[in-house]
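Notes to accompany the following structure.
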Amino acid sequence: MTLSSARLDRFARHIVLPEVGGAGQVRLAESRVAIIGLGGIGSPALQYLAASGIGRLALVDDDIVDVSNLQRQTIFTTRDVGYGKAVSARRWLANFDDALQVDVSDARITPENAASLIAGADLVLDGTDNFATRLAVSDACVAAGIPLLSAAVGRFQGQVGAWAGHLPQEACYRCFVGDAFDAEDCDTCADDGMLGAMAGWVGSFAAMQAVKVLLAGVSTLGAPGWSRLHILDGLEPGMRTIRIAPDPACKACAASD
Ligand SMILES: [Zn+2]
C-alpha cells in the first residue's frame, strides 16, 4: 500500500515521529480493529483510533444512546439520543473521515457469536461494562489468535490490559479475572457514577496501547506489553503496572501454552 498525498498530509504529525514513520502509518492504514462497546471507553478510543488512520474498524454495540450517556460518551450528541450506538458511531465516523472502512453490528456479544464479530481483526479493543461479555470476547480472541486490549473504568479507577493468551507464556483476560464472573451481567456505572474525563483518560490510553500493538515489529514505538495490567488512579493521579501470570488451569488459554 502507498499513501496518497492527501493521506500523507493528514498524518504528517505521525509520519514525522521516528517511532511511527511512513512504514508505521502504512501499517495502521492496513490494520483492522474491532471495537466492542461504544460507551465511555469505546467513544474516545474510536475517536483516536479513527484519527490515527486505522484503515478498517468494526463497531459492535447493542445499546441505544441515552441522554445520561452524553456526559462521557463523546461521539454522541443530543440528536443521537434514542438511536443505536453502532449506527450513531458510524455516522460520526463518516463525518470524520470517509476514507475509513467501517462495519457495524448492533448484536449483543455472546459466546456463540463472538467469533464471527471479531473475525478478521488484527486487534480487538473491548470497552464493555460487564464480565460476561468481556470473558466471551476474550475467549474468542484466544481461540482466533487475535490480541485483545481490555479496558474498564469505574468511579476514579481504570484498568487497561494487553492480552495475548494464544501465545506461549502469556496470560489472557480470563487468567486475570477467573471463571467466577461468567454469569455476571451488571452495569455498575449506573450505580457508582463516573467522572466523564476519567473514562476519556482510560479510553484514550487504550487507543494509544492499541497503536503500540499494531506497530509492533514495524516501528520503534515499543513492545505491546502482553500480560500487563495498567491501573489508572484518577484521584492521585497516577498509574501503576502489574504483570499477570498465565493461569496453568485457565480453560481458555492453558491448552495453547
Ligand atoms: Zn488464560
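Where a number appears in this text, it was derived from the coordinates with a stated rule and is not lab data. The structure presented is a predicted model; accordingly, all values stated were derived computationally and were not measured. Cβ sites come from the backbone with ideal geometry, for glycine too, and all protein chains shown count toward neighbours.
Could you work out which residue, out of 232, 123, 17, moves most in a Gaussian network model of the chain, that is, has the largest mean-square fluctuation with Cα springs under 10 Å?
17
Based on DSSP, what percent of beta bridges with both residues in the range 82-206 are antiparallel, to the nearest 5?
65 percent
For the chain, what proportion of DSSP beta bridges, expressed in % and rounded to the nearest 5, is antiparallel?
Antiparallel: roughly 50 percent of the beta bridges in the chain.
With the cut-off at 1.5 for a/c, could you classify the range 102-188 from its C-alpha gyration tensor as rounded, prolate or oblate?
rounded
Taking a ≥ b ≥ c as the square roots of the eigenvalues of the Cα gyration tensor of the chain, is the shape rounded (a/c under 1.5), prolate (a/b larger than b/c) or oblate?
Rounded is the answer for the chain, as its axis ratio a/c remains below 1.5.
Give the shape of the range 14-148 as rounded, prolate or oblate, defined through the alpha-carbon gyration tensor: a ≥ b ≥ c are the square roots of its eigenvalues, a/c under 1.5 means rounded, and otherwise the shape is prolate if a/b is larger than b/c and oblate if not.
In terms of gyration-tensor shape, oblate.
Which of the DSSP-defined H helices in the chain satisfy a minimum axial length of 18 Å, computed from C-alpha atoms, and a minimum mean Kyte-Doolittle hydropathy of -0.5? All intermediate terms of the calculation are to be shown ahead of the outcome.
Values: long enough: 131-144 (19 Å, 1.21); 196-215 (29 Å, 1.28).
Length and hydropathy pass: 131-144, 196-215.
Sort 87, 124, 16, 213 by Cβ crowding within 10 Å, fewest neighbours at the top.
Ordered by Cβ neighbours within 10 Å, fewest first: 16, 87, 213, 124.
If each DSSP helix of 4+ residues adds -39,500 (n - 2.57) and the sum is divided by the residues in the chain, what number results at 222 nm, nearest 500 deg cm²/dmol?
When only DSSP H runs of four or more count, the value is -10000 deg cm²/dmol.
With both partners inside the range 30-127, how many of the DSSP beta bridges are antiparallel, as a percent to the nearest 5?
5 percent
Cut-off 10 angstrom, C-alpha nodes, Gaussian network model of the chain. Which of 15, 109, 36 fluctuates the most?
Most flexible of the set in this elastic network: 15.
Could you order the peptides 202-212, 171-181 from most to least packed, using the average number of other C-beta atoms within 10 Å per residue?
For the peptides 202-212, 171-181, the packing ranking is 202-212, 171-181.
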